[in-house]
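Enquirer: Pasting in a structure now, in structure tokens, and then I'll have a few things to ask.
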Amino acid sequence: MDQQHQYTIVVGVDGSPASKSALRWAAWHADQLGGTLATLMTWDVPLIYNWEVPDSDDISRRTAAALDQIITDVLDPDSDLAVSKNVANGHPASALLDLAEEVGADLIAVGHRGHGGFTEALLGSVSQHVVHHARCPVVVVRDNSR
């Protein structure tokens, strides 16, 4: 690695046990390499005909607050690890890939199964999409709390 580039891991967070495991692993790995974390939580509002769209600024603020809380709950408060917090509107896989490109990620970490339900079954899992389309290595972390 050259002096200009700091090792960066992008990690997807959705509040699921697997995403918390991915966050924990990514923090450990980044710490081992003197790197940084770029965390990402997304939100999306499906458009339903004739319904009022909720205030997107409010949804974004609540998503950012949820991301803050998860980071506080999962990561060591005494760590010197640099962690950026990112919130995006849209599909999680696309947002992860976009953030990875933007920050020049060396690695993307995602949980094995997140909050997706029926929509995820139709679209394919976020982790599978990221694995197939990322331009950097991807680590898929299973929930290790079981």
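The values are calculated or read from the model by the stated rules, or taken from the named source; none is laboratory data. Note that the coordinates shown come from a computational prediction; the quantities given were computed from them, not determined experimentally. When we count neighbours, we look across all protein chains shown, and the Cβ atoms used for this are built from the backbone with ideal geometry, even at glycine.
Enquirer: Residue under question is Leu75, and the condition is that it be within 13 Å of the chain's Cα centre (by Cα) and at pLDDT 95 or above; does it hold?
Expert: Numbers: within 13 Å of the chain's Cα centre (by Cα): no; at pLDDT 95 or above: yes.
For Leu75, the condition - within 13 Å of the chain's Cα centre (by Cα) and at pLDDT 95 or above - is not met.
Enquirer: Name the residue that is surrounded by the most Cβ atoms within 10 Å (Cβ to Cβ), counting only residues in segment 75-100 that are hydrophobic (A, V, I, L, M, F, W, C) and part of a loop (DSSP other than H, G, I, E, B).
Expert: Leu75
Enquirer: A further question on this structure: Condition test on Val110, is it assigned to a strand (DSSP E or B) and buried (at least 19 other Cβ atoms within 10 Å of the Cβ)? Spell out how you get there, then give the answer.
Expert: Numbers: assigned to a strand (DSSP E or B): yes; buried (at least 19 other Cβ atoms within 10 Å of the Cβ): yes.
Yes, satisfied.
Enquirer: Quickly run through segment 4-44 and pick out the residues that are in a strand (DSSP E or B), hydrophobic (A, V, I, L, M, F, W, C) and surrounded by fewer than 20 Cβ atoms within 10 Å (Cβ to Cβ).
Expert: Applying the first criterion (in a strand (DSSP E or B)) to segment 4-44 yields 8-12, 36-43.
Among the residues that remain, those that are also hydrophobic (A, V, I, L, M, F, W, C) are: 9-11, 37-38, 40-41, 43.
Trp43, the sole residue that qualifies.
Enquirer: Can I ask one more? Looking at (1) part of a helix (DSSP H, G or I); (2) modelled with pLDDT under 95; (3) crowded, with 16+ Cβ neighbours inside 10 Å, can you tell me which one Thr119 breaks?
Expert: (3)
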